[in-house]
Structure formats: C-alpha cells, structure tokens
1. Find the residue count for segment 104-130, including only residues that are surrounded by fewer than 17 Cβ atoms within 10 Å (Cβ to Cβ), within 17 Å of residue 162 (Cβ to Cβ) and over 13 Å from the mean Cα position of the chain (by Cα).
2. Find the residue count for segment 79-99, including only residues that are buried (at least 16 other Cβ atoms within 10 Å of the Cβ) and under 17 Å from the mean Cα position of the chain (by Cα).
C-alpha cells in the first residue's frame, strides 16, 4: 500500500515538472556502483526536476532487506579501503548532524532506507530537494565530485555518523551526463 502511494505521488511530481524536464533541458547524472570486490552493482540515476532531484536506483547483489543509502562528499570509490575514500555525508550546512530523527539533522546527503528483494535486487525511486545536481551552494558537484554509498544494513536515522548502518557495501561516483558542467569528450567531472 505504501509503495503504491509513493509511486502515485512520484508520478504526480513528475507530471508537475513540466515539458522542460521531459525535453531533457534539466541536469542529469549517473553513478555506476561497484561492490567491495569491484564487481558492477547497478546504477543510480539522478534527474533534476522543478521539485528536486529524482533518484532512480537499479541495484543488484545486495543482501535482502533494508539498506541505508547516502550521498558522500568525494567522488572516489576505492574498494581497497572499503569506500572510505568517498568521505563523509554531503552537507552544505556544516552544523547539521546525520539523521532524519536527529535534533540537528539531517545531512543533505541522507536518503531514506530502501529495501532489497529476496534475489538481492533493489529497485526504488526517491526525490529530494536537499541538494542539486546543477551549480550553486546546494550542488553536490565541487572540485572532488560526489559519490553514492549503499550500506549493509538499515539507517536508524539518528546514530552518528551514519545511522549505525553497517559496512559500506557498494559505491558509485556520480557523473554529470547532461546540464551544466558536462564537458565534451566524455569527461563528466564538474567544478563550481
């Protein structure tokens, strides 16, 4: 029931985003995630809308059940160091703490838990207005980029620094594919 309601609400939000979004004039980005052994683990697609950033997850190889997902400050996914190279959660306000239930939270990079099916696949769509994929203060794109991390367990939305969510099990560098900052020749690294 809840998933059906979320799907309907997302459909309404997409309809409100208007023809400009449909025409592809908005910023877009993609992260190709890998697991701790370096094997492909799926994608996260980021699409700017007039109501925030729509994120579409299509992941595989996860343990069934809930998984925390966060956007991190550095576009670096080194499995040799358990993806710690991606840095902390993205936050455009340094005074913010992690978690939706934290008195001083959440970080802009905090996203809701998502659920992997019994076959290890995770297909979900969320929308956030806590950050942008364009330019400006709320943009996740700076000199060292950004990454999306999937944790082995659920985020409790309160514990510091990552909601007691367990190991970082998948990571993907977020690369712009359309909009400001995309360079010719396939380089998608953006700078403020």
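1. 1
2. Of the residues in segment 79-99, 10 are buried (at least 16 other Cβ atoms within 10 Å of the Cβ) and under 17 Å from the mean Cα position of the chain (by Cα).
Here is a yes/no grid of residues against (1) part of a strand (DSSP E or B); (2) surrounded by 16 or more Cβ atoms within 10 Å (Cβ to Cβ); (3) modelled with pLDDT of 95 or more:
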residue	(1), (2), (3)
21	no, yes, no
25	no, no, no
33	yes, yes, yes
42	yes, yes, yes
46	yes, yes, yes
54	yes, yes, yes
58	yes, no, yes
63	no, no, yes
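The values are calculated or read from the model by the stated rules, or taken from the named source; none is laboratory data. Given the structure is predicted, the values throughout are model-derived calculations rather than measurements. Don't worry about glycine lacking a Cβ; one is built from the backbone with ideal geometry, like all the others, and counts go over all protein chains shown.
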